[in-house]
Each structure stands twice: as C-alpha cells, then as structure tokens.
C-alpha cells in the first residue's frame, strides 16, 4: 500500500536568528522566528509524514513546551521517522518547495537533499527540494517570512 501526505509550514523572518533550511545553516542577515530552530522545510516534511501515516500533526507530537524550546528540527525529523517506522511504514520519496525571495537557495539545494536523505534513510534521488520566489508578491515576496510545502509517499 502507498499513502501520501502533504505538509506546509511558514515562519517570520527575524534578526538575531540563524537561517536553517533542510538541516543546513545558510548565511543570511535574518533567520526564522520559532519555538524550535524554525526550519520550515523540515517542519513541512514532518507534517507530510505524519499526515500520510494518520498520526496527526507536528504540534501534537512536538508542542510549544520547554522540552522543545530551541530544539533542532533535525532531531524532530528523526523522532518522526521513528514514529513512521513503528507504524510499519517506509519512506518512498519526498518532494518539496521552499518559497523565499532571499537568499538565493540554489547553491544550497544539493546539501539540503543530502542532509535530508541521510536523516530519512533514503537514497538521494528519493528527495527533491526546489526553491521558488514570489516575484516580490505576498509575505514571502516582501521578505517577511519563508514558507515550505512537502509531499511524501509512504510504503507499507
């Protein structure tokens, strides 16, 4: 059986924060404001995984409590993979999009894919990361925030 899940996340850009996307720290003047490290790409992937496995959403498993304050999203993804495996699923593939006006993300895409493939325990060609701008439109286009979308396929 194959099951699909969709994930979405968004965070505001803020000063004095690191910009981490796909588990990769990216040099930028702003970072993402969040309870955790704010990695919108990983958060979208987590929600897609949880949705495909009918396990709820990221907030149910990793609420805004002191336990998860400033936690690495990589750790949250690892824990999510354990939940998925415990339910008897394996990851088929992940397709994702990051929506950000700046910084340019193309130079970082391969590193993000490699990092995610390692965490998800899948081959590199099972992880797609794309980056888009919004041509100056909306909150991402005016550099107020960054958003990410993800779709995953789980196999049982």
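Residues that are out of contact with any strand residue (DSSP E or B) (no Cβ under 6 Å at 6 or more places or on another chain), in a loop (DSSP other than H, G, I, E, B) and surrounded by fewer than 17 Cβ atoms within 10 Å (Cβ to Cβ) within the range 14-25 comprise 15, 16, listed in sequence order.
Checked against the criterion of being in contact (Cβ under 8 Å) with a residue 12 or more places away in the chain, closer than 12 Å to residue 100 by Cβ, in contact with a helix residue (DSSP H, G or I) (Cβ under 8 Å, 6 or more places away or on another chain) and crowded, with 16+ Cβ neighbours inside 10 Å, the candidates 11, 28 yield just one match: 11.
Of everything listed in (1) modelled with pLDDT of 95 or more; (2) more than 18 Å from residue 74 (Cα to Cα); (3) crowded, with 19+ Cβ neighbours inside 10 Å, the single unmet condition for residue 130 is (3).
Each row is one residue, and each column tells you yes or no for (1) closer than 17 Å to residue 147 by Cα; (2) under 13 Å from the mean Cα position of the chain (by Cα).
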site: 27; (1), (2): no, no
site: 37; (1), (2): yes, yes
site: 48; (1), (2): yes, yes
site: 85; (1), (2): no, no
site: 93; (1), (2): no, no
site: 102; (1), (2): yes, no
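Residue 143 satisfies every condition listed in (1) touching a strand residue (DSSP E or B) at 6+ places or on another chain (Cβ under 9 Å); (2) surrounded by 13 or more Cβ atoms within 10 Å (Cβ to Cβ); (3) under 29 Å from residue 85 (Cβ atoms) except (3). If you check residue 105 against the conditions, is it touching a strand residue (DSSP E or B) at 6+ places or on another chain (Cβ under 6 Å), crowded, with 20+ Cβ neighbours inside 10 Å and closer than 24 Å to residue 33 by Cβ? Against the criterion (touching a strand residue (DSSP E or B) at 6+ places or on another chain (Cβ under 6 Å), crowded, with 20+ Cβ neighbours inside 10 Å and closer than 24 Å to residue 33 by Cβ), residue 105 qualifies. Taking into account only those residues within the range 44-64 that are without any contact (Cβ under 8 Å) to a residue 60 or more places away in the chain and in a loop (DSSP other than H, G, I, E, B), which is farthest from residue 156 (Cα to Cα)? Among them, the one singled out is 64. Looking only at residues of the range 105-120 that are without any contact (Cβ under 8 Å) to a residue 12 or more places away in the chain and farther than 11 Å from residue 24 by Cα, we find that the one that is farthest from the chain's Cα centre (by Cα) is 107. When each of 75, 67, 82 is tested for being outside any loop (DSSP other than H, G, I, E, B), surrounded by fewer than 21 Cβ atoms within 10 Å (Cβ to Cβ) and at pLDDT below 95, the lone residue that passes is 67. Considering 88, 136, 92, 145, the condition of being over 16 Å from residue 47 (Cβ atoms) and at pLDDT below 95 is satisfied by 136 alone.
The values are calculated or read from the model by the stated rules, or taken from the named source; none is laboratory data. From a predicted model like this one, the values you see are computed outputs, not experimental measurements. Positions of Cβ are generated from backbone atoms using ideal geometry, with glycine treated the same way; all protein chains shown enter the neighbour counts.
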